Amino acid sequence: MMKKRTKIVSAVIAGAAILIGGIWMINETRYPNVPAFNDHFTREFLDKGKKADNEFYEFKSKTGQYTMWFPEEYQLIHENKEDYAINGQFYERWVASSGNFFNNKNEVSYMNVELAEKVKENEEVNVESLFKKNLHVNQPKKIETAHISIYYDSAYTYFKGTEEKVVKNNIKYVPNTYVAYIADKNTDKVIELYYKYTGDHLTEKQGEKQDKLIVKMLKSVKF
């Protein structure tokens, strides 16, 4: 009698496991089969129903303060608490990376995106400080839309010992670093974006692809 009950219990457990596994598989297939949705933490920020321009999905900040396009080949890094930080409604920082953006596992690109509030009257000072520090640039490129001001620039950067070197306007070196400052015209909200590619030198074609990706992301920001 005991053996019969054990068999029944085992059968019920096995059946439940199969059912749960089947439900899990069905739920997983509802998500796009791309790196961004293959990571459970990353998908919490994305809207699977809002794909943009064939390679992005809409990203929504957990502060509720902005949305932007997120490349489908990227995943948020969340190995420790420092990788993602949020404080109230007006501060959030996250880091994302892609190991196969150029179809080569030895090449990695990552971006650091930070939302904060900064006094609008200090915009020129903030911009100048950011770009001088990171790219040795005094006047970055600027894009104006109806609601945001976008400052951005790029360069090829590398370390020589402990010192970071910046190479600008040299056709031998395709940029591997981007810096951007995106300011809301109606509030003090600002997003600072830092992008870095590490790996072999990019070809001109790869550089153009990279540039288009960055500019599309910057223009997509909505506060």
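Quick check on this structure: which one of Thr63, Thr67 is more than 16 Å from Met217 (Cβ to Cβ) and open to solvent by less than 60 Å² (accessible area, probe 1.4 Å)? So that I can check it myself, show each step before the final result.
On the way: Thr67 fails: more than 16 Å from Met217 (Cβ to Cβ).
After applying the criteria, what remains is Thr63.
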Q: Tally the residues that are in a loop (DSSP other than H, G, I, E, B), of a type in the set (Lys, Arg) and without any contact (Cβ under 8 Å) to a residue 24 or more places away in the chain, restricting the search to the stretch 30-82.
A: 2
(Q) With the requirement that a residue be in contact (Cβ under 8 Å) with a residue 60 or more places away in the chain, among the acidic types (Asp, Glu) and surrounded by fewer than 16 Cβ atoms within 10 Å (Cβ to Cβ), what does the stretch 108-126 give you? (A) Glu114, Glu117
Q) Considering the stretch 147-189 alone, what residues qualify as being touching a residue at least 24 places away in the same chain (Cβ under 8 Å) and either on the phi > 0 side of the Ramachandran plot or part of a loop (DSSP other than H, G, I, E, B) (or both)? A) His147, Lys168, Tyr173, Val174, Pro175, Asn176, Lys185, Asn186, Thr187, Asp188
(Q) For the stretch 39-57, give me each residue that is open to solvent by less than 10 Å² (accessible area, probe 1.4 Å) and among the hydroxyl-bearing types (Ser, Thr, Tyr). (A) Thr42
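Being touching a helix residue (DSSP H, G or I) at 6+ places or on another chain (Cβ under 9 Å), of a type in the set (Asp, Glu) and at pLDDT below 95 narrows it down to one residue among Glu72, Glu55; which is it? Don't jump to the end; show me each part of the working.
Numbers: Glu72 fails: at pLDDT below 95.
Every option except Glu55 fails the conditions.
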(Q) Any residue in the stretch 204-223 that is open to solvent by 100 Å² or more (accessible area, probe 1.4 Å) sitting within a Cβ distance under 7 Å of a residue that is among the acidic types (Asp, Glu)? List the pairs, counting only those 6 or more apart or interchain. (A) none
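The values are calculated or read from the model by the stated rules, or taken from the named source; none is laboratory data. Quick caveat, the model's predicted, so the values are computed rather than measured. Reconstructed Cβ throughout: ideal geometry from the backbone, glycine too, with neighbour counts over all protein chains shown. These area figures cover heavy atoms from the full protein model, side chains too; ligands, DNA and RNA do not enter into them. Shrake-Rupley method; radii C 1.70, N 1.55, O 1.52, S 1.80 Å.
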